[in-house]
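Structure, as structure tokens:
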Amino acid sequence: MRKIHPHTKQLAVFSLKTRILAVASLGIAIALLSGCNKPDDSQTPGQKLDSAIGKTEQAAAEAKRQGEQSGADVKAKTEAGFAKAGEALKNATENAESSAKVVANKAINKIDDMAITTAISAELLKDAEIRLFKINVDTKNGAVVLKGSVPTEAVRERAAAIAKTFSGVQSVDNQLVIKAN
């Protein structure tokens with residue numbers, strides 16, 4: 001039977017720990033780089049990262065136990081542990097990337113809605129007849145809602161017509177009420 005030198009065994013365990021630390025660090029870095037919350041998912045990227053770290057820690061514990069076994073067993077079980085940790089890391093990364101894209105799209109939509117609201121409000125203030133009345137403009141996903149009171153149907157229709165002229169406006173819900181002074 002061939003004897004394994006004690007230093008060789010220590011180097012194998014040290015090398016294994018170094019690899020596990022590298023995989024865990026890579027997972028943390030990827031998750032932090034894409035770290036955005038995804039409110040529509042049951043798990044946040046942080047929770048997914050915690051799960052991936054937990055799996056990596058389990059793989060590290062398993063690797064430690066394997067270090068006490070023969071060299072061939074250590075290699076086989078280590079590779080299996082890395083495969084599991086790698087798959088978990090891959091899944092966490094894909095989910096985090098998807099989450100980041102969803103959040104970015106929502107942010108772009110909110111910015112577009114704010115731009116539409118601001119542009120319509122500014123245009124209504126430019127109109128000599130309309131600027132005398134307080135008209136509230138709200139936009140969500142391109143749907144504009146006009147609220148407030150105006151003195152005539154003509155002013156009400158003019159405000160809606162102005163709102164419809166802007167790019168990105170999907171619809172106009174004219175809730176302006178006619179109230180004579």
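Collect residues whose amide H, placed 1.01 Å from N in the peptide plane, falls under 5 Å from the amide H of SER149; neighbours closer than 5 in sequence don't count.
LYS134, VAL177
Which entries of LYS48/LYS77; LYS64/LYS90; LYS55/LYS77 have Cα-Cα distances beyond 20 Å here? Walk me through the numbers before you get to the answer.
Details: LYS48/LYS77 24 Å; LYS64/LYS90 23 Å; LYS55/LYS77 15 Å.
Distance filter (> 20 Å) returns LYS48/LYS77; LYS64/LYS90.
Just to be sure I understand the curve: with the Debye formula and one point per C-alpha of segment 127-178, what is log10 I(q)/I(0) at q = 0.16, 0.30 Å⁻¹?
With no solvent term, the Cα-only Debye profile gives -0.40, -1.23.
Less than 11 Å Cβ to Cβ from ALA161, Lys/Arg counted +1 and Asp/Glu -1: what total charge do the surrounding residues give?
On the way: positive: ARG156, ARG158, LYS164; negative: GLU123, ASP127, GLU157.
Neighbourhood net charge equals 0.
All of the numbers you see were taken from the coordinates with simple rules; none came from a lab. Note that this is a predicted model, so its numbers are computed, not measured. Note that each Cβ is placed from the backbone with ideal geometry, even for glycine, and that neighbours are counted across all protein chains shown.
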